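J.: Okay, handing you the structure first.
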Amino acid sequence: MYGGLGPRRVDFKMKTLVIDGIKVRIQIWDTAGQERYQTITKQYYRRAQGIFLVYDITSERSFQHIMKWASDVDEYAPEKVQKILVGNKSDDVEKRQVATEQGVKLAKAYGMDFYETSAFTNNNITETFTRLAEQVLAANKKDLDLLRISLNDELNLTALEEEEGLCDSAGGEQHKACWC
Ligand SMILES: Nc1nc2c(ncn2[C@@H]2O[C@H](COP(=O)(O)OP(=O)(O)OP(=O)(O)O)[C@@H](O)[C@H]2O)c(=O)[nH]1
């Protein structure tokens with residue numbers, strides 16, 4: 001859809017990772033950072049389970065923009081979306097404008113993990129994707145566990161109510177026995 005139709009707005013890729021011995025296939029949507037595409041890219045937040053907030057370590061300006069990205073994510077992404085802050089271009093040491101410590105501090109303030117990566121040397125790329133996938137899986141597992149607990153409670157309650165019903169209809173001595 002993008003070929004010859006001007007600049008791309010959203011790039012899509014699939015990647016398979018092995019996490020705890022389980023093959024996990026992830027869909028990656030790379031949304032454009034440009035202001036004029038933001039109405040389109042915001043629509044992608046709604047179905048996201050994990051989001052990388054990426055800045056360029058050679059651009060102080062891109063780091064300043066993270067606050068805006070983070071507030072958009074808060075506004076448009078599902079509440080339980082997992083987020084990681086990424087400072088890319090770690091290979092470009094001579095042009096660095098954002099210190100690692102600044103990234104660490106911002107990530108801490110947002111309660112996110114933080115990685116510096118290089119798409120050029122591949123530094124920390126797999127680690128970063130694996131970490132986000134792990135966080136998404138953990139968040140889903142937590143939800144499943146909560147669901148399981150509430151289902152169990154529900155089943156126990158139903159069983160108890162059924163038992164009570166039996167006791168009620170049995171009456172007399174047996175009724176008392178049910179509460180022992
Ligand atoms: N040295 C270095 N250059 C990089 C790295 N990652 C991307 N670049 C270069 O940075 C430029 C911009 O890369 P893009 O991938 O188009 O950046 P983008 O953030 O997706 O741009 P938007 O589409 O505006 O969001 C390109 O020239 C890349 O080759 C990196 O890790 N190291």
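The values are calculated or read from the model by the stated rules, or taken from the named source; none is laboratory data. Since the model is a prediction, treat every value here as computed from it, not as a measurement. Virtual Cβ from ideal backbone geometry, glycine too; neighbours counted across all protein chains shown.
Quick grid of which residues meet (1) among the β-branched types (Val, Ile, Thr); (2) assigned to a strand (DSSP E or B); (3) within 12 Å of the ligand (Cβ to nearest atom); (4) at pLDDT 90 or above:
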site: 14; (1), (2), (3), (4): no, yes, no, yes
site: 25; (1), (2), (3), (4): no, yes, no, yes
site: 42; (1), (2), (3), (4): no, no, no, no
site: 51; (1), (2), (3), (4): yes, yes, no, yes
site: 55; (1), (2), (3), (4): no, yes, yes, yes
site: 58; (1), (2), (3), (4): yes, no, yes, yes
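J.: Another question, then. Taking the options 72, 20, name whichever one is at pLDDT below 95 and at positive phi.
T.: 20
J.: Got at least one residue in region 130-139 being within 16 Å of the ligand (Cβ to nearest atom), surrounded by 18 or more Cβ atoms within 10 Å (Cβ to Cβ), within 14 Å of the chain's Cα centre (by Cα) and not aliphatic (A, V, I, L, M)? Working first, answer last.
T.: Narrowing region 130-139 to residues within 16 Å of the ligand (Cβ to nearest atom): none.
No, that holds for no residue.
J.: Name the pairs whose Cβ atoms lie under 7 Å apart, with the first residue in region 113-125 and touching a residue at least 12 places away in the same chain (Cβ under 8 Å), the second acidic (Asp, Glu), and 6 or more positions between them or separate chains?
T.: 115/127; 118/91; 120/91; 121/91; 123/91; 124/116
J.: State which residue is surrounded by the most Cβ atoms within 10 Å (Cβ to Cβ) when the search covers only region 83-123 and only residues that are part of a loop (DSSP other than H, G, I, E, B) and away from the ligand (no atom under 14 Å from the Cβ). Can you show your working first?
T.: First, the residues of region 83-123 that are part of a loop (DSSP other than H, G, I, E, B): 89-92, 96-99, 111-112, 117-123.
Now drop any that are not away from the ligand (no atom under 14 Å from the Cβ), which leaves 99, 111-112.
On the way: 99: 12, 111: 7, 112: 19.
Selected residue: 112.
J.: So residue 126 ticks every box in (1) closer than 20 Å to residue 30 by Cβ; (2) surrounded by 17 or more Cβ atoms within 10 Å (Cβ to Cβ) but one. Which box is left unticked?
T.: All conditions are met except number (2).
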